[in-house]
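One structure below.
Any read-out appearing in this document is the output of simple, stated calculations on the displayed coordinates, not a laboratory observation. Just so it is clear, the structure is predicted and the values come from calculations on it, not from any experiment. All Cβ positions, glycine included, derive from the backbone under ideal geometry; neighbour counts span all protein chains shown.
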Amino acid sequence: MERPETVGQLTDTLRRGSYLADRGLATALFIALNLQRPVLLEGEVGVGKTEVAKVLASVLGRKLIRLQCYEGIDTSQALYEWDYARQMLHIRALSEHQIADDAAVDKLFGPKFLLERPLLEAVRAGDQAVLLIDEVDRADDEFEAFLLEVLSDFQISIPEIGTIKAETPPLVVLTSNRTRELHDALKRRCLYHWIGYPSAERELEIVLVREPGIAELLARKVVAAVHRLRELDLAKPPGVAETIDWARTLDFLGETDLDTRIAQDTLGAVVKERDDLDLVRENLEEITSGG
Ligand SMILES: Nc1ncnc2c1ncn2[C@@H]1O[C@H](COP(=O)(O)OP(=O)(O)OP(=O)(O)O)[C@@H](O)[C@H]1O
Ligand SMILES: [Mg+2]
């Protein structure tokens, strides 16, 4: 597949994959692609951080390799593991045939019994892949340090097999919700881009791109209401994902407009905290009054 030659081309390509990137994001991705730098996307919840990596892979014709981070994730879950069950079966077969030479035993730690995890897979795939390291802030410090090492040379050493190196590194997209600060060392290695909430006009465009069947009036009202919601002091302000969900829900119910009654009945698509619900209900009239 053709690699986009300008920021504008990349923006158009993403749009064809139903992703609307603003200039800053498109520029960061364009540089990441061409200068082979990882890009770190931070931002509010549900603003398209994960999605952009998925769409990029799809429009560039690359494989998406996803490493989902979580508390307690360790290197074996990220790099590789030995297929213990198959090794055991193999050992049993060997002993049945009374084979115990070194070569047969060495094979137990050969490629056949190696389970590839995302980072190894990405190193092998090189520039045929987009590596999404999702929600890196959930992993702990040690894992972050380890990631830094992998990201600096795209080289993985497996004692029993040898060193595997990416000829050309994959495009790496890291995302974080900022539940904690990432280390400077990791940030320094990456291009950084903050994705905030889109403007109302932009968000309307995103809803219509994602749900082309929805009446524009309805979409406009939903976006306006969501923007009001974000001004309230909510524990969990709605992201773009919720805007799309709400519009889709209303459309599914056959609504073409947003009034207080139907908003009340469908709030569960946008407000997902008990205390937030109370606050929103008190202000529902005002929230649904514009467009
Ligand atoms: N700029 C955009 N263009 C098109 N769709 C978008 C855009 N931003 C968000 N979306 C939509 O919002 C949804 C949620 O996005 P995504 O899951 O990537 O959010 P996120 O930032 O990763 O959120 P979280 O922090 O919860 O992981 C996507 O599935 C997509 O439909
Ligand atoms: Mg995400």
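Between beta-carbons, use under 12 Å as the cut-off and find the net charge around residue 44, counting Lys and Arg +1, Asp and Glu -1.
Result for the neighbourhood of residue 44: +2.
Relative contact order for the range 181-291 using alpha-carbon pairs under 8 Å, separation at least 6, rounded to a whole percent? Walk me through the numbers before you get to the answer.
On the way: 102 pairs, mean separation 34.1, N = 111.
This gives 31 percent for the range 181-291.
Given charges of +1 on the Cβ of Lys and Arg and -1 on the Cβ of Asp and Glu, with all other atoms neutral, how large is the dipole of the chain about its Cα centre, in debye to the nearest 20?
In debye, rounded to 20, the chain gives about 820.
Binning at 10 angstrom from zero up to the longest distance, how are the C-alpha pair distances of the range 187-281 distributed in percent?
16, 48, 25, 8, 3, 0
Helix 84-96: angle to the longest alpha-carbon principal axis of the chain, degrees 0 to 90, nearest 10?
30 degrees
On average, how much area does the Cα convex hull of the chain cover when viewed from any direction, in nm²?
On the way: hull surface 76.7 nm².
Here the figure is 19.2 nm², rounded to one decimal.
What length, rounded to one decimal in nm, is gained on full extension from residue 115 through to residue 275, with 0.36 nm per residue of separation minus their alpha-carbon distance?
This chain segment gains 53.1 nm when fully extended.
In what sequence do 227, 193, 97 fall when counting other Cβ within 10 Å, fewest first? Present the calculation step by step, with values, prior to reporting the outcome.
Values: 227 18, 193 21, 97 9.
So the residues, fewest neighbours to most, are 97, 227, 193.
Kindly state, as a whole number, the per residue volume in cubic angstrom of the convex hull around the alpha carbon atoms of the range 105-213.
162 Å³
Putting +1 on Lys and Arg Cβ atoms and -1 on Asp and Glu Cβ atoms, find which of 84, 57, 40 reaches farthest to the positive end of the dipole of the range 15-87.
Toward the positive end, the furthest listed residue is 57.
When the Debye formula is applied to the Cα atoms of the range 63-145, each taken as the same point scatterer, what base-10 log of I(q)/I(0) results at q = 0.17 Å⁻¹?
Debye intensities relative to I(0), on a log10 scale: -0.76.
For the chain, what is the calculated [θ] at 222 nm in deg cm²/dmol (nearest 500), taking -39500 (n - 2.57) for each run of four or more DSSP H residues and dividing by its residue count?
After summing the helix terms and dividing by the residues of the chain, the value is -14500 deg cm²/dmol.
Pairs of Cα atoms under 8 Å, at least six residues apart: use those to get the relative contact order of the range 95-241, whole percent.
Details: 114 pairs, mean separation 32.0, N = 147.
It comes to 22 percent, rounded to a whole number.
So, counting K/R as plus one and D/E as minus one, what does the shell of residues with Cβ under 13 Å around residue 155 add up to?
Net local charge, residue 155 excluded: -1.
Within 14 Å, Cβ to Cβ, of residue 109, how many net charges do the neighbouring residues add up to if Lys/Arg are +1 and Asp/Glu are -1?
-2
Compute the relative contact order of the chain as a whole-number percentage, counting only Cα pairs closer than 8 Å that sit 6 or more residues apart in sequence.
Relative contact order, the chain: 22 percent.
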